[in-house]
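See below for the structure under consideration.
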Amino acid sequence: MTPKYNKVHNRFKFNGLHFNFEDLKEVAYSLIKEGEPFEKVTGNFLIDWLNNKDFLYVQTSGSTGYPKQIKLKKQAMVNSAIATGNFFGLEPGDSGLHCLPSRYIAGKMMFVRALVLGLELDFVEPASHPIFDYEKKYDFCAMVPLQLKNTINYTQNIKTIIVGGSMVTTPLAAKIKESTSRFYETYGMTETVTHVAVKQLESKSNKGEECFNALSNIRFSQDDNQRLIIHAPKLVEEDLVTNDLVDLKSETSFKLLGRYDNVINSGGVKLFPEQIEVKLQPAIKERYIIASEQDTTLGEKLILIVENPSDSVDTILEKIQKLEALDKFEIPKKIYTLSKFPETNNGKIQRKKTLKAVLG
């Protein structure tokens with residue numbers, strides 16, 4: 001029988017203590033009244049989860065558009081938790097480390113997974129460098145890449161770590177290869193109740209994979225523009241057409257190419273900024289994005305925007321020109337610098353605002 005949103009698993013623990021459905025309401029009020037700011041947010045989420053409504057509203061991050069509120073069915077969130085538990089083999093009594101902000105869907109879902117699957121959850125402040133018990137063994141944890149970058153030397157006791165929210169950089173991937181934990185990059189969004197597919201990253205416990213693979217009861221197709229379509233009837237009522245361009249390998253597997261609205265057509269050549277950005281990582285240590293500006297000859301020309309670089313523009317270009325992985329069309333025609341990139345509330349670069357800040 002599928003668990004329901006208004007039930008709490010009898011193996012669930014929160015910071016070492018058992019709580020049932022009614023007890024959690026008292027915990028929520030206590031967090032709101034006496035907790036730190038991040039705990040107050042969690043308390044508000046728990047109040048929303050434990051009320052008699054079958055839905056709640058979730059804020060999107062705003063990384064691909066304006067932040068907005070989305071109405072999600074609580075049962076869809078339960079179904080997502082079950083799919084994650086099945087994929088990673090999570091069992092009642094397994095331990096989970098929660099270090100994500102409860103304001104957004106990824107943080108909310110860590111709680112839902114614990115409530116539904118019966119996990120023993122330790123909740124710590126969702127800082128860029130989370131502080132947790134490095135000696136304690138955990139079965140499962142979710143992090144954003146910046147958190148993993150800052151704690152990678154202390155994650156040896158975490159069995160499985162999922163990473164999402166932004167790109168896993170080449171230097172971070174190199175550190176992951178030396179770790180004994182299992183790591184998975186996630187694909188998903190608020191609308192799909194977090195991840196619907198995961199990609200195994202290479203570590204001492206895992207072989208690396210090129211493609212994202214679907215969780216249970218999820219299928220993929222694509223439209224005429226090569227955009228991914230998600231079929232997830234237990235999560236969303238209608239098929240979801242994304243703006244992500246993919247190389248579809250099967251109805252359960254795909255390789256991510258980039259965003260449809262970011263693709264650059266330069267002299268008839270299609271260029272994918274996200275793929276070029278990965279290739280540029282050995283040459284630039286600061287944050288940067290690939291974008292385009294109008295050009296009378298090419299239509300669009302490739303440009304690079306770097307945040308507060310320590311090298312000169314000429315030095316950056318020299319380093320880029322030495323990269324063997326870059327195709328000649330992938331070398332930026334112009335390099336701009338910006339002292340500070342516009343960001344979303346959770347630290348993601350806002351591409352359109354960054355481009356506007358440079359070009360006006």
| Ordering of 249-257, 315-323 by packing [mean C-beta count within 10 Å, highest first] | 249-257, 315-323
| request: Tell me the label-point distance for the pair Ile229, Gln69, using the 7 Å Cα-to-Cβ offset, in nm and rounded to one decimal. | output: 3.2
| field | Computed E for Glu237/Phe329 - FRET, C-beta separation, R0 30 angstrom, nearest 0.05 | value | 0.10
| Spin-label model distance (nm) - Asn157 vs Glu293, 7 Å beyond Cα toward Cβ | 5.2
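Could you order Glu202, Glu191 so the one with the most accessible surface comes first? Probe is 1.4 Å. Write down the numbers at each step before the final one.
Details: Glu202 95, Glu191 55 Å².
Of Glu202, Glu191, the descending order of accessible area is Glu202, Glu191.
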| task | For His231, His18, His9, His98, write out the residues from largest to smallest accessible area, computed with a 1.4 angstrom probe and no ligands counted. | result | His18, His9, His231, His98
| request: Quick one: among Glu307, Glu120, Glu237, which has the greatest mean-square fluctuation in a GNM of the chain with alpha-carbon springs under 10 angstrom? | output: Glu237
| request: Could you provide, to the nearest whole Å², the per residue accessible area of the range 165-308 with probe 1.4 Å? | output: 48
| task | With an 8 Å cut-off on Cα pairs and a minimum separation of 6 or more residues, tell me the relative contact order of the chain in percent. | result | 10
| Mind checking which aspartates and glutamates have their C-alpha under 19 Å from Lys353, skipping anything on the same chain fewer than 8 residues away? | Asp261, Glu274, Glu277, Glu286, Glu293, Glu300, Glu307, Glu343
| Which three lengths, in whole Å and largest first, does the range 112-237 cover when its Cα atoms are put on their principal axes? | 48, 34, 24
| Just going by the charge dipole of the range 1-113, with Lys and Arg at +1 and Asp and Glu at -1 on Cβ, which of Gly35, Phe45, Asn15 is farthest out on the positive end? | Phe45
| field | Extreme residue, positive dipole direction of the chain, given options Leu317, Phe329, Ser339 (C-beta unit charges) | value | Ser339
| said: Ignoring ligands, DNA and RNA, please state the percent of accessible area on the chain from carbon and sulfur, probe 1.4 Å. | reply: 47
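Once the mean 1/r over all distinct Cα pairs of the range 1-40 is inverted, what Kirkwood radius in angstroms do you read off? Write out the running numbers ahead of the final one.
Values: mean 1/r = 0.0881 Å⁻¹.
Taking the inverse mean of 1/r over all distinct Cα pairs, the range 1-40 comes out at 11.3 Å.
Treat the range 1-89 as a sphere of radius equal to its Kirkwood radius over Cα pairs and apply Stokes-Einstein at 10 °C in a medium of 1.306 mPa s; give the translational diffusion coefficient in µm²/s, rounded to a whole number. Provide the component values of the computation, followed by the final result.
Working: Rh = 14.7 Å.
Stokes-Einstein gives a translational diffusion coefficient of 108 µm²/s.
With only alpha-carbon atoms in the gyration tensor, what are the semi-axes of the equivalent ellipsoid for the chain, in Å, largest first? Numbers along the way, then the final one.
Values: eigenvalues 277, 97, 81 Å².
Here the semi-axes work out to 37, 22, 20 Å.
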| Whole-Hz couplings from phi, Karplus 6.51/-1.76/1.60, listed for the range 329-337; x for Gly and Pro | 6, 8, 7, x, 7, 8, 10, 10, 10
| query | If you build a Gaussian network model of the chain, linking Cα atoms that sit under 10 Å apart, which residue out of Met167, Met77, Met143 swings the most? | reply | Met167
| message | Take the residue pairs Lys68/Lys356; Lys13/Lys136; Lys68/Lys348 and return only those whose Cα atoms are more than 18 Å apart. | response | Lys68/Lys356
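In Å², and per residue, what accessible area does the range 27-159 have when probed at 1.4 Å with the other protein chains present? Display every interim value, and only then the final one.
Numbers: 5750 Å² over 133 residues.
That works out to 43 Å² for each residue.
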| message | Just to verify a number: what accessible area does Ser30 come out at with the full protein assembly present, 1.4 Å probe, Å² rounded to tens? | response | 50
| remark: Within the range 198-260, pairs of Lys residues whose Cα atoms are less than 18 angstrom apart, provided they are eight or more positions apart or on distinct chains, add up to 4
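Under a Cβ-only charge scheme (Lys and Arg +1, Asp and Glu -1), can you give me the dipole magnitude of the range 281-353 about the Cα centre, in debye to the nearest 20?
Values: 13 positive and 12 negative charges, 57 e Å.
Rounded to the nearest 20 debye, it is 280 debye.
Show me the helices of the chain, taken as full DSSP H stretches, that run 18 Å or more along their long axis by Cα and average 0.0 or above in Kyte-Doolittle hydropathy. Before the final figure, lay out each step's value.
Working: long enough: 21-34 (20 Å, -0.21); 37-50 (20 Å, 0.28); 74-88 (21 Å, 0.35).
Passing helices, by number: 37-50, 74-88.
The values are calculated or read from the model by the stated rules, or taken from the named source; none is laboratory data. Since the structure is predicted, the reported quantities are computational estimates derived from the model, not experimental observations. Note: ideal-geometry Cβ built from the backbone for every residue, glycine included; neighbour counts use all protein chains shown. Side chains are part of the model used for accessible areas, which takes the heavy atoms of the whole protein and leaves out ligands, DNA and RNA. Shrake-Rupley method; radii C 1.70, N 1.55, O 1.52, S 1.80 Å.
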